[in-house]
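**Student:** Mind having a look at this structure? Questions to follow.
Where a number appears in this text, it was derived from the coordinates with a stated rule and is not lab data. Being a predicted model, the structure only gives us computed values, none of them experimental. Quick reminder, even Gly has a Cβ in these numbers, built from the backbone with ideal geometry, and neighbours come from all protein chains shown.
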Amino acid sequence: MDQALRTYLEQTESLYASIEEWLAPTGVTISREEVEMLEEAFGAYTAPAMTIKNGGGRAIARMQPVAARVLGGDGRVDLTGNHQQYILILLTEEGGPKVKGYLPSGTGRETVMTQAYRGVGEPGWYWIESIRRGRAYRVDRVLFFDLLSGASNYVFE
């Protein structure tokens, strides 16, 4: 198995384990399944998906793997509910991906590499607030609950 695919699957499992821990005291339930994936870079493989259900057993949101290779990141998982969808991007390089830019200089222009997203420190899962603004937020417990509430319109007490 390709190292990039292995990293994506391991990091997806790690994200889901954190989500299960964060949601444990809330009364919601979680079911997991494996979904079939097909990417040109990796061929066919299976990846974990997660459905989050309220106390009555009704699905309020789903964590769905999208790809292990994406533009501007090292993998993608979508958080989708009845009201909204949020894209979570895996960034494995410290500081996030770099983009090439040019600055004027005395001899013409100078090539520089800059961060594609502001706010990226350590590797992990990030929500990119706006591609245009380029602001990334690391997914932690507080942000996940905000995104989950926005996606599902579910109120956590």
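**Student:** In degrees from 0 to 90, rounded to the nearest 10, what is the angle of the helix 3-23 Cα long axis to the longest principal axis of the chain?
**Tutor:** Value to nearest ten degrees: 50.
**Student:** On full extension of the chain, what length is gained from Gln115 through Arg58, given 0.36 nm per residue of separation minus the C-alpha to C-alpha distance?
**Tutor:** 16.5 nm
**Student:** Pull out the extension gain between Thr107 and Thr51, defined as 0.36 nm times the separation in residues minus the alpha carbon to alpha carbon distance; nm, one decimal.
**Tutor:** Difference between extended and current length: 14.5 nm.
**Student:** Moving on. Taking a label point 7 Å from the Cα of Glu40 along the Cα→Cβ vector, which residues of the range 65-101 have an amide N closer than 20 Å to it?
**Tutor:** Answer for the range 65-101: 66-77.
**Student:** Mean separation of Cα pairs under 8 Å and 6+ residues apart, divided by the residue count of the chain: what relative contact order is that in percent?
**Tutor:** That works out to 17 percent.
**Student:** To the nearest 500 deg cm²/dmol, what mean residue ellipticity at 222 nm is calculated for the chain from DSSP H runs of n ≥ 4 alone, each contributing -39,500 (n - 2.57), summed and divided by the residues?
**Tutor:** -7000 deg cm²/dmol
**Student:** Of the labelled options (i) 25, 24, 15; (ii) 40, 21, 14; (iii) 32, 19, 12, which one gives semi-axes √(5λ) of the Cα gyration tensor in Å as computed for this structure?
**Tutor:** It is the value labelled (iii).
**Student:** With springs only between Cα atoms under 10 Å apart, run a GNM on the chain and tell me which of Gly106, Gly121, Gly95 wobbles the most.
**Tutor:** Gly106
**Student:** Where is the GNM fluctuation largest for the chain (alpha-carbon springs, 10 angstrom cutoff): Val28, Val99, Val139?
**Tutor:** Comparing Val28, Val99, Val139 in a Gaussian network model of the chain, the most mobile one is Val99.
**Student:** Efficiency by 1/(1 + (r/R0)^6): what FRET value for Ala4 and Glu33, r their Cβ-Cβ distance, R0 = 22 Å, to the nearest 0.05?
**Tutor:** 0.45
**Student:** Oh, and also: Could you please state, rounded to a whole Å, how far the C-alpha centre of the range 27-55 is from the C-alpha centre of the range 81-140?
**Tutor:** 26
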